[in-house]
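Enquirer: The structure is given below, and queries will be raised subsequently.
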Amino acid sequence: MQKGGSVIEDIMEVTATSRHYVDRLFDPDPQKVLQGVIDMKNAVIGNNKQKANLIVLGAVPRLLYLLQQSSSSMELRTECAVVLGSLAMGTENNIKSLVDCHIIPALLQGLLSSDLIFIEACLRCLRTVFISPVTPVQLLYTDPTVIPHLMSLLSNSLRTQEYITQIFSHCCKTPEHQTILFNHGAIQNIAPLLISPSYKVRMQALKCFSVLAYENTQVSMTLVNVLVDGELLTQVFVKMMQRDQPIEMQLTAAKCLTYMCRASAIRTDDSCIVLKTLPCLVRMCSKEHLLEERVEGAETLAYLMEPDVELQRIASTTDHLVAMLADYFKYPSSVSAITDIKRLDHDLKHAHELRQAAFKLYASLGSNDEDIRKKITETENMMDRIVSGLSESSIKVRLAAVRCLHSLSRSVQQLRTSFHDHAVWKPLMKLLQNAPDEVLVMASSTLCNLLLEFSPSKEPILESGVIELLCSLTQSDSPALRVNGIWALMNMAFQADQKVKVEIVRCLGTEQLFRLLSDPDTNVLMKTLGLLRNLLSTRPHIDQIMSSHGKQIMQAVTLILEAEHSIEVKEQTLCILANIADGNTAKDLIMTNDDMLQKIKYYMGHSNVKLQLAATFCVSNLIWNEEDGSQERQDKLREMGFVDILHKLTQSSDPNLSDRAKTALQQYLA
């Protein structure tokens, strides 16, 4: 019983002393108030319980009041800022309470003072508040005078430089933020800080440039021409990547150059990328580095080489990178050399980040080159690792694993071998059942490749009820998912047997098919036309589908040919018409439709050769000799003036078109 009492007494005691501190803030004697704030400062250092108590007891509004009072002495105002900064160093809840008490506008107002020590105390507290993930960064941009004022304070002292650049690098989260900082002279003001005598200032300035340049062409193009003390900025970054610099600096400088390269401000074959940035990032992936350094190194490297096959080839042969990444899956192992228990605990919680980074880097490495893909799949247990990655609890790991799988699925060789051996399609199908959109997009793209006609996985996937799943994707609000759903169906319908085609049409439903034919997204429309073209191949299939859906299909073809569409769309549509013209009974749907025949005639005389070719192909199929009723069809088309056009086309400068026209005319001579 005694024990329980003492705990309660403890709480009472802390609360009583805390209340005592708060009460002293209201003393009428300013000297006693100052002493009270100083005592409070000493009491809260490193004591989270005490911090929480003072906040609950209402210390913050009083401290803010004293901080803002012009009658308060400079010393008192400064000590208030210091205590508030200390309270902000506590938990996220503390920060929330401070932000709710409007600490940010009060501190920003404090920056208008002429007292440097007070300004530094306000900035230190602002820095602590803004680097917390719970603080809305937008609060820095609410008042448009704040950013220019912060820029003007940069030259005051090393401390103002460190705190302000740290605030900028944490609060630059969107393209709008980048533009605001850029327009207020961030580059010219921060560049000189890269050669500051203070490491902290150099480091924060460097971080600023990495967040400013990320996916920003305007900033990146400007940075290329900036001189710092007569030296090009890119060269300053290269020096910061040297092995004798702290890892954090090497990594951040490599990020700056990576982002400038991805924004097309530096060429991918520039020596600062090939000989400096890429090797620096590969170095970060080795196992002597800390977990977060390995994660950041791998993710940045993946981003650097994503669009460039040459960089992918160079990276794949640097320092055994492909094998080095295999270690990302074995960490931390039971024989790990980590003696620091805290570190081990941290790394066990974050090991999934390593797996995610490795999958991302493998995806980037293997996105173009067949030899690299082979190297990746031959790495120990690689396919098993991807398969287990697809069902990990972390959504980020699942997404990265499916990205990696997608990258490897671009290889005919891999689809035929390792993908088949490991029945990759099973976990992939499971992943498609209920996943967030970004995972669905990647998973369905991969499925499109697994459904290509040479993929041995195509058959088992068909038997697993995939058609329903894909048809439901075509109804998604996301254009990317509609494209992938229809694309996979298109691949599935290619040279498929009648049963599969009928099942696709039944499951998709004609209504949905025609809705997709009027989809606002051109990619969706093109893939739907591709699907229709694959469904309407081989005569019995053409006749069967046209006998049940002919009227609607002809209507859709008419609408597309009459509307404003690209050449590619119209060409695909005319190819579908040519397939219909190849059917035995389906032909009649064109022959009895004078409006459609006039359209074919119009496209034979079009200025674009592709459309002329496709239209001529239609005519060829309609008048082909060996088929029933060909004589009547030839006569009708002659009367409508088609023969004259064919004669003209035999003179075309395009050899394919003149050949096709000659072939068609021969039908009249036979």
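The values are calculated or read from the model by the stated rules, or taken from the named source; none is laboratory data. Bear in mind the structure is a predicted one, so any value in this text is a computation, not a measurement. For neighbour counting, all protein chains shown are included, and Cβ atoms are generated from backbone atoms with ideal geometry for every residue, glycine included. Accessible surface areas use protein heavy atoms only, side chains included; no ligands, DNA or RNA. Shrake-Rupley method; radii C 1.70, N 1.55, O 1.52, S 1.80 Å.
Enquirer: Once each part is reduced to its C-alpha centroid, what is the distance from segment 91-168 to segment 353-368 in angstrom?
Expert: Using only Cα atoms to place each centre, the spacing works out to 38 Å.
Enquirer: Multiply the residue separation of Asp369 and Ile38 by 0.36 nm, subtract the distance between their alpha-carbon atoms, and state the gained length in nm to one decimal. The partial results should precede the final answer.
Expert: On the way: separation 331, 0.36 × 331 = 119.16 nm, distance 6.51 nm.
Length gained, Asp369 through Ile38: 112.7 nm.
Enquirer: Another one. Can you list the aspartates and glutamates whose alpha carbon is less than 12 Å from that of Lys360, not counting same-chain residues fewer than 8 positions off?
Expert: Qualifying aspartates and glutamates at Cα under 12 Å: Glu296, Glu299, Glu306.
Enquirer: Hey, another quick one. Looking at segment 441-514, which chymotrypsin sites (Phe, Trp or Tyr not before Pro) are DSSP coil and have at most 12 other C-beta atoms within 10 Å of their C-beta?
Expert: Working: sites: Phe454, Trp487, Phe494, Phe514; in loops: Phe454, Phe494.
Within segment 441-514, the qualifying chymotrypsin sites (Phe, Trp or Tyr not before Pro) (loop, at most 12 other Cβ atoms within 10 Å) are Phe454.
Enquirer: For the chain, find the longest principal axis of its Cα atoms and tell me its angle to the long axis of helix 74-88, 0 to 90°, nearest 10.
Expert: Taking Cα atoms only, the helix is inclined about 50 degrees.
Enquirer: Also, I was wondering about something else. Which longest run of the chain has no exposed loop site in it, a site being GluC sites (Glu not before Pro) in a DSSP loop with at most 11 other beta carbons within 10 Å, and the site itself not part of the run? All intermediate terms of the calculation are to be shown ahead of the outcome.
Expert: Numbers: sites that count: Glu288, Glu378, Glu380, Glu453, Glu564, Glu626.
Here the longest run is 1-287.
Enquirer: Kindly write out, for segment 661-669 in residue order, the coupling ³J(HN,Hα) from the Karplus curve 6.51 cos²θ - 1.76 cosθ + 1.60 (θ = phi - 60°), rounded to whole Hz, with x marking Gly and Pro.
Expert: Using θ = phi - 60°, the values come out as 5, 5, 4, 5, 5, 4, 4, 6, 8 Hz.
Enquirer: Do the alpha carbons of any pairs in Lys349/Lys426; Lys41/Lys173; Lys396/Lys426 sit beyond 22 Å of each other, and which pairs? Don't skip to the answer; put the middle values down first.
Expert: Details: Lys349/Lys426 28 Å; Lys41/Lys173 33 Å; Lys396/Lys426 20 Å.
Exceeds cut-off: Lys349/Lys426; Lys41/Lys173.
Enquirer: Let me ask you something else. How much length is gained on full extension from Val134 to Asp497, taking 0.36 nm per residue of separation minus their Cα-Cα distance?
Expert: Gain on stretching Val134 to Asp497: 124.9 nm.
Enquirer: Still on this model: Please work out how much accessible surface Leu112 shows to a 1.4 Å probe, ignoring ligands, DNA and RNA, in Å² rounded to 10.
Expert: 110
Enquirer: Projecting each Cα onto the charge dipole of segment 453-535 (Lys/Arg +1, Asp/Glu -1 at the beta carbon, about the Cα centre), which of Val524, Ser464, Asn484 comes out farthest on the positive side?
Expert: Val524
Enquirer: Could you order Leu57, Leu577 so the one with the most accessible surface comes first? Probe is 1.4 Å. Let's see the in-between values first.
Expert: Numbers: Leu57 45, Leu577 0 Å².
From most accessible down to least: Leu57, Leu577.
Enquirer: Give me a comma-separated list of calculated 3J(HN,Hα) values for segment 162-173, in order, Karplus coefficients 6.51, -1.76, 1.60 applied at θ = phi - 60°, integers in Hz, x for any Gly or Pro.
Expert: 5, 5, 5, 5, 5, 5, 4, 5, 7, 9, 9, 10
Enquirer: Would you pull out the residues with amide H under 5 Å of Val228's amide H, same chain only if 5 or more places away, H placed 1.01 Å from N?
Expert: Hits under the 5 Å cutoff: Leu233.
Enquirer: Hey, got the dipole for the chain? About the Cα centre, +1 on K and R Cβ, -1 on D and E Cβ, debye to the nearest 20? Mind dumping the intermediate values first?
Expert: Working: 65 positive and 75 negative charges, 152 e Å.
That gives a dipole near 720 debye.
Enquirer: Restricting to Cα pairs below 8 Å that are 6+ residues apart, what does the relative contact order work out to for the chain? Please round to a whole percent. Each step should come with its number before you reach the end.
Expert: Working: 836 pairs, mean separation 30.8, N = 670.
This gives 5 percent for the chain.
Enquirer: Would you please calculate the Kirkwood hydrodynamic radius of segment 536-669 over all C-alpha pairs and express it in Å, rounded to one decimal?
Expert: Details: mean 1/r = 0.0678 Å⁻¹.
Value: 14.8 Å, from the Cα pair sum.
Enquirer: Could you work out the longest stretch of the chain that avoids the trypsin sites (Lys or Arg not before Pro) located in DSSP loops with at most 14 other Cβ atoms within 10 Å? Don't skip to the answer; put the middle values down first.
Expert: Numbers: sites that count: Lys173, Arg243, Arg267, Lys287.
Within the chain, the longest run free of exposed trypsin sites (Lys or Arg not before Pro) spans 288-670.
Enquirer: While we're looking at this one, here's another question. Taking the Cα centre of segment 345-395 as origin and charging only Cβ (+1 Lys, Arg; -1 Asp, Glu), how large is the dipole, in debye to the nearest 20?
Expert: Numbers: 7 positive and 10 negative charges, 23 e Å.
Here the size comes out at about 120 debye.
Enquirer: Something else now. Output ³J(HN,Hα) for segment 469-477: one whole-Hz value per residue in order, computed from phi by the Karplus curve 6.51 cos²θ - 1.76 cosθ + 1.60 with θ = phi - 60°, and x for Gly and Pro.
Expert: 4, 5, 4, 5, 4, 5, 9, 5, 6
Enquirer: Identify which of the listed values of Cα extents along the principal axes in Å was calculated from the structure shown: [x] 89, 68, 45; [y] 115, 55, 49; [z] 112, 73, 52.
Expert: For Cα extents along the principal axes in Å, the calculated option is [y].
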